[in-house]
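One structure below.
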Amino acid sequence: MELMKHDAKDARAWPQSERLRPLSGRHNPHLKEVRQAFRRGELTARGECAIEGVKLVDEALRSSQRLTAVFFRESARPLAERLLPQLSAKTETYLLPNSLFDSSVPSENPQGIAALVKRDATTAAQILDRAHAGPIVVAAGLQDPGNLGTILRSAEAFGAAGIFLTEGTVSPYNTKVTRGSAGSIFRLPFHQIGLGELIPTLRQKGVRLLATSSHKGQMLPEVSWRLPLAIFIGNEGAGLPREILHQMDETVVIPQAAQVESLNAGVAASIVLYEAARSTDHRVTETQRKAGLASS
């Protein structure tokens, strides 16, 4: 496991045996926070996100996130010994009996590490300031955490400016969302906001509104991906409400076999984001080619 050296110099000044504090009671306040954060899929009262597993902790460190506390399973003591020198001296570290750790995390087969991460909040204005760098994604009523995790990952992969999460959308701090994002949740700007506030704000900023549909609309290859652009992904079963669809500038349909009713929301969003990125890259390449010919 390759973990980023995070304030390693400060951490080494601490005796490692003293840093790893034993926890044996279920009623410890730190442990109660972790259990509640996992169970509710929301931030703690101090604004921390609960994560679990070697991969996510690694991604949090690579993304320069602030880990306020890390919890190790007794059987994962070798992992703790390797990781402790790489954690900030300000990070609280705990060692739990196997059964207590297992009862505090959601996984059926825990890897022996969980953490509380303090993620800096992103404002709507910060995402809008990036609107000319890539499309904005709007998750409008997405309820499946696996879909949202996939969309976060694809949005980062294909250069999205950020993602707005509207009412009815699963919490981005849900365990399945964080796991499905594969670390993108730590790097991609996102903001929770109501549609009644978001749509007028996008209009004011001159952002075009594009909806995905499985029924009718402009075929994907014919769509203009001119920025600034917001791509709306609706509820898995019902799609976007009719009153929201009427406010869109354009609706896009992904060509598919007639016998297939619709695509998974995460898959559909990924295809649309890829096409937007591919078309933008193609235009840039053509502009550069023509500029090169003109100067030759």
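The values are calculated or read from the model by the stated rules, or taken from the named source; none is laboratory data. Computed from a predicted model, the values in this text were never measured in an experiment. Positions of Cβ are generated from backbone atoms using ideal geometry, with glycine treated the same way; all protein chains shown enter the neighbour counts.
Remarks
- Enumeration of residues in the stretch 30-64 that are buried (at least 19 other Cβ atoms within 10 Å of the Cβ) and under 19 Å from ALA80 (Cβ atoms): LEU31, VAL34, ALA50, ILE51, GLU52, GLY53, LEU56, VAL57, GLU59, ALA60, LEU61
- Those residues of the stretch 81-93 which are part of a helix (DSSP H, G or I) and either within 21 Å of ARG26 (Cα to Cα) or under 25 Å from the mean Cα position of the chain (by Cα) (or both), in sequence order: LEU83, GLN86
Condition check ((1) under 17 Å from PRO135 (Cα atoms); (2) in contact with a Pro (Cβ under 7 Å, 6 or more places away or on another chain); (3) among the basic types (Lys, Arg)) across all residues:
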position: VAL177; (1), (2), (3): no, yes, no
position: GLY183; (1), (2), (3): no, no, no
position: LEU202; (1), (2), (3): yes, no, no
position: LEU210; (1), (2), (3): yes, no, no
position: HIS215; (1), (2), (3): no, no, no
position: LEU220; (1), (2), (3): yes, yes, no
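- Some residue of the stretch 158-165 being on the phi < 0 side of the Ramachandran plot, in contact (Cβ under 8 Å) with a residue 40 or more places away in the chain and not in a loop (DSSP other than H, G, I, E, B): yes
- Checking THR212, THR178 one by one, the residue that is modelled with pLDDT under 95 and under 22 Å from the mean Cα position of the chain (by Cα) is THR212 and no other.
- Some residue of the stretch 96-113 being assigned to a strand (DSSP E or B), among the polar types (S, T, N, Q) and either in contact (Cβ under 8 Å) with a residue 60 or more places away in the chain or outside the structural domain of LYS205 (by TED's automatic domain parsing) (or both): no
- Candidates GLY266, GLY217, GLY239 - the one that is touching a helix residue (DSSP H, G or I) at 6+ places or on another chain (Cβ under 9 Å), surrounded by 11 or more Cβ atoms within 10 Å (Cβ to Cβ), among the small types (Gly, Ala, Ser) and at positive phi: GLY239
- Selection within the stretch 220-236: residues that are free of Cβ contacts under 8 Å to residues at least 60 places away in the same chain and in contact with a helix residue (DSSP H, G or I) (Cβ under 8 Å, 6 or more places away or on another chain). The member of this set that is farthest from VAL137 (Cα to Cα) is PRO221.
- Of all residues in the stretch 156-193, those that are within 27 Å of SER107 (Cα to Cα), of a type in the set (D, E, K, R) and in contact with a strand residue (DSSP E or B) (Cβ under 9 Å, 6 or more places away or on another chain) total 1.
- Taken over the stretch 141-157, the criterion of being within 10 Å of the chain's Cα centre (by Cα) and either outside any helix (DSSP H, G or I) or buried (at least 21 other Cβ atoms within 10 Å of the Cβ) (or both) is satisfied by LEU148, GLY149, THR150, ILE151, LEU152, SER154, ALA155, GLU156.
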